[in-house]
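Since the structure comes first, as structure tokens, the remarks are kept for the end.
The values are calculated or read from the model by the stated rules, or taken from the named source; none is laboratory data. Note that this is a predicted model, so its numbers are computed, not measured. Note that each Cβ is placed from the backbone with ideal geometry, even for glycine, and that neighbours are counted across all protein chains shown.
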């Protein structure tokens, strides 16, 4: 749908999130926006039976659907009906992902594997119960098989995520609520940096108290390297002091306009062994339109600095489906990354979100058609596999209105265990920084969660209370006296 349409839902609150996710996967936005209604969903329960109704429309035509929802898995039946009704209205058929609309498709495969199903049975379940295409089912099973050694549940194993919500500028496609570091007073940056160090130090104390073993560290954002050395160095040093035994330490250096040789040298000296250099695309005209204020040459310079400093693993991110991007552009991107021989390559597909500037920008009309994006992704698969990369983790955007996925590729021996364990939710993740989501693994499929405020000032103010709350949670989950 080229226009913006909202959806309305009436029914039990317990199903509102499910319906919202389904509608978002079809391109509808929440009803709080001033846009015409494109879908109205009604779910009614009577005597343990559910009655589902939906009207799809575009202001000119509308189609009404209704059904009695039966079976033991009501959410799946609701999803199936709403998706198939939409396909009928649009004159389409289900794509390769069938009725899978969740963020983590391989998570379902691991769950089926845990239940003792064979690979063949899992493929059949994906095809018959979730309507996944045969090739996609095989792809998911192959990826899950590769991941199996990394998803064994170990309650005392953890990852540490540190979020730095600052950037040097706001890219047109980005929905992340980051602040521009150049607009921040030094006093606020100083308060943030001090709070973040305190946050990490408290996690270190809890890890020591409850014998939690941090095996991977990920510093993301935003763009962490947009902070000056003055603020980066104390954070890196406290991480190095308390978590030096971690086997993986990744930093998103992202934009080359932020990653000076001095900062890269500091990262490597402190023990960072994985770094992300994220060009997104290698055409200067596209970079300029997207608000990425650097030259293509800067990407090459940053990459060369990372090589000279001896970072064992370099990741490069690319986005397929950018406004005015062509198949030729994406092929050029793949030729370049394969020539550079980055150890990891992550291919994202543009998922346009309401909070991204592009959502209301004139360039939105130049986003490539789905068929063009599919050609881009096919080229990515062809080049990367031919050059020895294997797809090892994936996720789909919650609001991805197409049949695409974001896929991480790696050369043998360079897989990021953090990416797998975080995506499959088989490991405790300790989060520091604004917007952080701590997830304590409390059972094979259960997590206890603690969220930090996204706003930086609110995060700083709430940190003492959040620290007390996490201490109580650790005492409850891991036992012992909470000091």
Among residues of the stretch 346-381, those that are touching a helix residue (DSSP H, G or I) at 6+ places or on another chain (Cβ under 8 Å) and over 19 Å from residue 173 (Cβ atoms), counted: 2
All positions within the stretch 63-104 that are closer than 14 Å to residue 405 by Cα and in contact with a strand residue (DSSP E or B) (Cβ under 7 Å, 6 or more places away or on another chain): 103, 104
Scan of the stretch 207-230 for residues that are buried (at least 21 other Cβ atoms within 10 Å of the Cβ) and in a helix (DSSP H, G or I), ordered by number: 224, 225, 226
Filter result (on the phi < 0 side of the Ramachandran plot and modelled with pLDDT under 95) within the stretch 51-60: 57, 58, 60
Per-region count, the stretch 66-78, residues on the phi < 0 side of the Ramachandran plot, free of Cβ contacts under 8 Å to residues at least 60 places away in the same chain and within 34 Å of the chain's Cα centre (by Cα): 7
In the stretch 103-146, residue modelled with the lowest pLDDT [restricted to those that are part of a loop (DSSP other than H, G, I, E, B) and under 19 Å from residue 349 (Cβ atoms)]: 103
Residue ID - surrounded by the most Cβ atoms within 10 Å (Cβ to Cβ), chosen from residues in the stretch 79-99 that are under 24 Å from the mean Cα position of the chain (by Cα) and in contact (Cβ under 8 Å) with a residue 60 or more places away in the chain: 97
Checking residue 36 against (1) touching a residue at least 24 places away in the same chain (Cβ under 8 Å); (2) surrounded by 13 or more Cβ atoms within 10 Å (Cβ to Cβ); (3) closer than 24 Å to residue 15 by Cα, the condition it does not meet: (2)
Filter result (closer than 26 Å to residue 338 by Cα, free of Cβ contacts under 8 Å to residues at least 40 places away in the same chain and either under 17 Å from the mean Cα position of the chain (by Cα) or not assigned by TED's automatic domain parsing to the domain that holds residue 176 (or both)) within the stretch 392-451: 419
